[in-house]
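So the structure is just underneath, and the comments pick up after that.
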Amino acid sequence: MAAILVVLLALGTAAAQSVVDSAWRSDVKTVQLYCGGESREVQAELLTLVLTLGERARLTLEFDILGAEPQHLSWSIAHCDRHWQRDDLEPQEYMTGFESGTIDDYDFSFTTLTDYVHYRAVVPDQYAEFTHSGNFVLTVTDDATEEVLLTRRFCVSEATAKAGVEIGRPYDGTDIERRQEVDVTVGSGELAAGVLLRPEYISVMVQQNGRRDNARWLEFSGYDGDRLAYRSRKANIFDGGNTFRYFDCSNLRSPMYNVMKIEDLGGEQFAILRPDEDRSKKHFLSEKTLNGGMQVNIWDRNNPRVEADYVWVNFCLPMEQPMLDGNVYVVGALTDWRLDSLSLMDYSASRRAYTKRLLLKQGYYAYQLLVDGAAARLGGRSATARLEGDHRETPNHYTVYVYHRSPADRADRLIAVTRRHGGQ
C-alpha cells in the first residue's frame, strides 16, 4: 500500500493520480505482464490484461534492470476504482492469501554488450485467489530504498454480464471515410449477486488499442429491449488512425525490416531506422502489424530473455520547420503508450528533422507518431491526423469495459470485458 501512495504522490496533480503502466526508474527496462497459461507470442498484442474471477489464473511478470548486480525486490497488488485511482479496499476484501511477496527468480545476461539482470515473478502465490472484481495495479519496489520501480495494470472481470459491440460508420454521417463508431449494448448473462442493470449503476469505457489519451466513457442512450444501449453519441466516434509503423531489430548482424544501419560505437550498439514520413496525405495501405505491441526476439541465439542485447534505436522524422501547434510523440508499448518526456521527439534545426533515441531490447516493435498540443486540440484535430492520417479501414483493437457500482457496493466492480477489431 505504501508503494502505491508513493506513486500517487509522485504523479503530482489530482488528474494525474491515476495509476499508469510505467517504469519509474531509467534502468528498469522491457516490462512485460502476461497470463501464466498463455505464450508470450499470443500476449504480444494484448493490452490491459484481463483475468476472470474464480479461475485462479496466475500472472507472470518479467523485466530487466541494467547492471550486473542483483537487487532485493518485492511486489504488491492493490485494488483501484474505475478511474485507476487507489480506492479504500483492504487486501482481505479483494483477495485471499498474501497480496505481496519477494522476487527471488532472476538470471544474468549472457554474452551481451549491455549487462542486465532479468527478473521473473509469478503472482499472486499459489494459495491466493481474487475475491473482488475490478481494476488492479501490480507494483514492484526496491527493498533497500523503498523506491517504486514499476507499475503494471490488470483487470479481474466477473464476466457475468454480456457486452455487445458493433463497429461501423459514424451516426452523424460526417467524415465517414476517416472515423469509426463503437456502439455498445449491455445485457444480463449470469449476473452475480447485487448486480442490477440500471444505467445509474453502470459505467462503460472504450479504449482504442493501448492508448489512454483518447479513452472514452460512453453515455447511456436508451433501452434496446431488456439491454442498456450506448449508441450514437459523440463519445462513440473515434478517429480511425492508420496501420502502425514497425521495425525489427532482432538481428544486429544484418539490418532487418525498417532498420537502415547497425553500428557498434564505444561498446554500445545503435540501430538507425529508415526515416519516417508524413502519411496523412497517402492512401490507406493494409499491412499486418501488431497494434502498437512488442515482441522480444533474437535471431542467432536461443534464449531472448537473457541473450537479447540492448540497442539504441534512432528515430527520425524529416521536416523543414518544427510544428507550432503541437508536439510529436513515439507511441506504443515501447514507450508504455505515454505522451510525455519518454516518448517526446526533439526537433533538430541542423538536421531539419524530429529525432528520438530509445534504449530497447532486441525484438519487434510497432508504433505511431502522434501529435498533441493545446492548439491542435482546440483546432479539433485528432492526434493521428497530422502525421498518420485517419482511415475507416484501420483494424483498430477496441476494448470495452463495463463497471458496476451500486449504493451497496464498497468499490467498483468489473462485470464484463469485450474486445473487437474494427476496420477491415
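Structural remarks
- Members of region 167-217 found to be assigned to a strand (DSSP E or B), without any contact (Cβ under 8 Å) to a residue 40 or more places away in the chain and open to solvent by 40 Å² or more (accessible area, probe 1.4 Å), listed by number: S188, R216, W217
- Just one of the listed residues (T418, T394, T399) is of a type outside the set (K, R) and under 26 Å from N327 (Cβ atoms), namely T394.
- Taken over region 108-122, the criterion of being in contact (Cβ under 8 Å) with a residue 60 or more places away in the chain and of a type in the set (F, W, Y) is satisfied by F108, F110, Y116.
- The single condition among (1) at pLDDT below 95; (2) buried (at least 20 other Cβ atoms within 10 Å of the Cβ); (3) not β-branched (V, I, T) that G134 does not meet is (1).
- Taking region 225-266 as the region of interest, the strands (runs of 3 or more DSSP E) fully inside it that hold 1 or more residues being within 25 Å of V330 (Cβ to Cβ) are 237-239, 245-248, 259-265.
- Here D88 meets the list (1) assigned to a loop (DSSP other than H, G, I, E, B); (2) over 26 Å from the mean Cα position of the chain (by Cα) almost entirely, failing just condition (2).
- Strands (runs of 3 or more DSSP E) within region 283-392 that include 3 or more residues in contact with a Gly (Cβ under 8 Å, 6 or more places away or on another chain): 294-296, 363-372
The values are calculated or read from the model by the stated rules, or taken from the named source; none is laboratory data. Keep in mind that what you see is a predicted model, and the values were worked out from it rather than measured. Cβ atoms come from the backbone with ideal geometry, glycine included; neighbour counts cover every protein chain shown. Ligands, DNA and RNA are excluded from the accessible area calculation, which covers all protein heavy atoms including side chains. Shrake-Rupley method; radii C 1.70, N 1.55, O 1.52, S 1.80 Å.
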